[in-house]
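Novice: One structure is given below, represented as structure tokens, and several questions about it will come after.
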């Protein structure tokens, strides 16, 4: 079995684990640093908005053009009277972008370009965009983003609780800020495809977070009825317990996106495939990070502020101190518990076989395994 | 092994075969439907098939922001459809997107420049007097035409054509209103009795153009007459183009469809302009049992012009007592007139259905509508580039799928026997539904949609991961496989539902709010998310239940992916009570 399998087992039993919640301050710090960098990049460098957001035209010639980039640039400038940006794509075709021209004029420019480049005008693909189209897309995207955030916060508040909804929202904003920041810093071109990718992050970022929250909710169901673990302890275990799953989820999500990026970037050079997958790739990575390092610790922080949880923490700490003083290890006793809230049939758990360990072994799934001392 | 004989575990894993059968039947049925419908590939969008896509945005005039509403947008789409398809391509499609955008997709091989000009301009609507008309298809000419002369007298005028009357509230002559109500009833009756009632002037009309002395006696008359005689409106290519180049001042020929039959018309110069119509609406006339009617309100100048023309027309005999309502060179209706209609409002009655009346009213209104359209984006994709993009998308999808499969094989080994078929079922369902949605709701697969489908591979695979990891957790607790599956399922199910719901919510919001390419992407994402839930519930889980009975899995074979030893499971324990939360009542 793969190594991850046994690591998963150890994580599951709590034998190994990283104290995500305990070290949260470090991660908060890192995140704040990244976010500040992203915002700085955004304000200082700004985004490299594609032709779709400025209005203008983008022409794509057939493959294997003989004309060089500078030649094509000159042709395009002569034909349009505006500055042109020419890119040579992976397959030898040229992408000619001319900002600021009117959609009406584009036809004549296209004809002229076709003549200069010695290709049939029918073989030139053209993207003509009015100046307000990009704004419209962007506005719609923001609108969608806002509506989605409101709805998802309401939903998560109902399905889980408002603290988790808030933490998920923070993680979401965190992901989007980072993604936009990377775009600003690296200078990737922002196109409608980028916007699509960015909007998809919404769903994905939360997808990961929701899986961790789900486990957290399940494990903290009866938290006030015990005194061994604080909320943070359990939150930490939830993250560790779902870590393998989170890694798998992210890898499996990134694999197809990576394939898209490879094909879109490697073969087509540019275009929708590339734009979507690039922002997705960045956003997915940020999303996996934030659901583990930001969202859940944040929930723990919020929860620990509750009077109930404060009291619990006090009890737990007192008990631990007492145990330490006695040099004794708190052995949980589970034999006579009466608050078994599971409605699964008992026989499912009644695994036959000799009992090698003391009856006091506390063994809920994903729960304190008793080895934790 | 534990014996899950009683209680819920028995019922929970009952009938896995039934779910499997259900989804297999669904797949077979959908696939059969796909082949039966003849659409075995999804319809491709412009960016994959090549062609031109134009996005127009409605721009209301100042103070008329409410003019951008659904009715007006639908009318505009209708009109643009006529125009674009009038260019000789039937494949062009026009649809609204969002609240204020119209997308016009013109496949490759069409003159896109001409198409762009066509959709950009505002509609031209005229009222022209009819000089002559004739049905263009053989079937209709054969039927008799009893009502040629006495239009005012009795019910013998069996015209299926609508007629225009002054509305009852107006100051039209009393006699006119009286007859109109009686007639409307008879018309409606007739229309009900003879569905394909042939309209008035057939036999006589071929001779009539020469006699049209009233208004169109000009030098060009002869030429126009020849044009009219040659005109064959049963030809599809002619229908939209016949009256295209006409100007308002000159007489023209045009085609028009009445009661499902195409007619050709010889029309006089425009008498009333579309902008003279202040408002038109479809109303259901309950008082006179005339059924659906279209009422028109004219502007001040319009009502004068309309009074003049109707006064003149009323003196004529059929068909010259008719006026043609000509929209973009095509006659959309040709009501006949009985008397001068003065009061500034008129109604057109006939055997309209609600839809017909609504559509006519929209067209009448549209000429005066404060909606213009602004070209927001024009994308022309050459067929070569489109093919390349499709190719790249498919390759990327194949690579992505292969990578996921390899990952699943390495990490889940035997369990991939469940995961890979589940992915395949998802893929088949997605493909078939996309192919069916092409003709169904006009779904066209574009590049972002392909992207969405590829991204969805991850979402689908993730559901299995959630489920499998839960099962492994249970096995690590020392349970044997079958109880593990049944215990893992309710929890995995909830996680899958919650996370898929979030994903679906994102897709739905994007689909509703956004425009353009984003929508195609959101649609695929939403579709695949729904399919993911279906597949996990009806395929993955039942298959897991069935396979859990196999020795290979139940004994935790080394390659099964659920080998307890490799997972680091604890040695099997026997317990009578199962602890739940990290609870310790003694110390609480």
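Where a number appears in this text, it was derived from the coordinates with a stated rule and is not lab data. What you see is a predicted model, and the numbers here were worked out from it, not measured in a lab. Heads up, the Cβs are rebuilt from the backbone with ideal geometry, glycines too, and the neighbour counts pull from every protein chain shown.
Novice: Could you list A:51, B:459 so that the one with the fewest beta carbons within 10 Å of its beta carbon is first and the one with the most is last?
Specialist: So the residues, fewest neighbours to most, are A:51, B:459.
Novice: At 0.36 nm per residue, and after removing the present C-alpha to C-alpha distance, how many nm does the segment from residue A:314 to residue A:43 gain when stretched out fully?
Specialist: Working it through step by step, the gained length comes to 93.0 nm.
Novice: Right, here's the next one. Provide B:351, B:334 in ascending order of the number of other Cβ atoms located within 10 Å of each residue's Cβ, fewest first.
Specialist: Neighbour counts put them in this order, fewest first: B:351, B:334.
Novice: May I ask for the distance between the Cα centers of the range B:379-417 and the range A:284-317, given as a whole number of Å?
Specialist: Measuring centre to centre over Cα atoms gives 39 Å.
Novice: Here's something else I'd like to know. Under 20 Å from a point placed 7 Å out from the Cα of residue B:95 along the Cα-to-Cβ direction: which residues of the range B:501-541 have their backbone N that close?
Specialist: Only B:507-531 fall inside the zone, counting backbone N under 20 Å.
Novice: Which value in nm describes the separation of the simple spin-label points at residue A:35 and residue A:118, placed 7 Å from the Cα toward the beta carbon?
Specialist: Simple spin-label model gives 5.8 nm for this pair.
Novice: Specify the inter-centroid distance of the range B:420-442 and the range A:65-122, based on alpha-carbon positions, in whole Å.
Specialist: After rounding, the separation between the Cα centres reads 39 Å.
Novice: With r as the distance between the Cβ atoms of residue A:321 and residue B:441 and R0 = 51 Å, compute the FRET efficiency 1/(1 + (r/R0)^6) and round to 0.05.
Specialist: 0.15
Novice: Could you check the spin-label model distance between residue B:374 and residue B:501? Points 7 Å from the Cα along Cα→Cβ, value in nm.
Specialist: A separation of 4.1 nm, rounded to one decimal place.
Novice: Nearest 0.05, what FRET efficiency do residue A:185 and residue A:224 give at R0 = 56 Å with Cβ-Cβ as r?
Specialist: 0.75
Novice: So if R0 is 51 Å, what FRET efficiency would residue B:36 and residue A:105 give, r being the distance between their Cβ atoms, rounded to the nearest 0.05?
Specialist: The computed FRET efficiency comes out at 0.55.
Novice: Pop a pseudo-label 7 angstrom from the Cα along the beta-carbon direction at both residue B:530 and residue A:18 and give the gap in nm to one decimal.
Specialist: 4.0
Novice: Note the full-extension length gain between residue B:308 and residue B:398 as 0.36 nm times their separation in residues minus their Cα-Cα distance, in nm to one decimal.
Specialist: The residue B:308-residue B:398 span can extend by a further 25.3 nm.
Novice: Counting other beta carbons within 10 Å of each Cβ, put B:310, A:224, A:230 in order, fewest first.
Specialist: The fewest-first ordering by Cβ neighbours comes to A:224, A:230, B:310.
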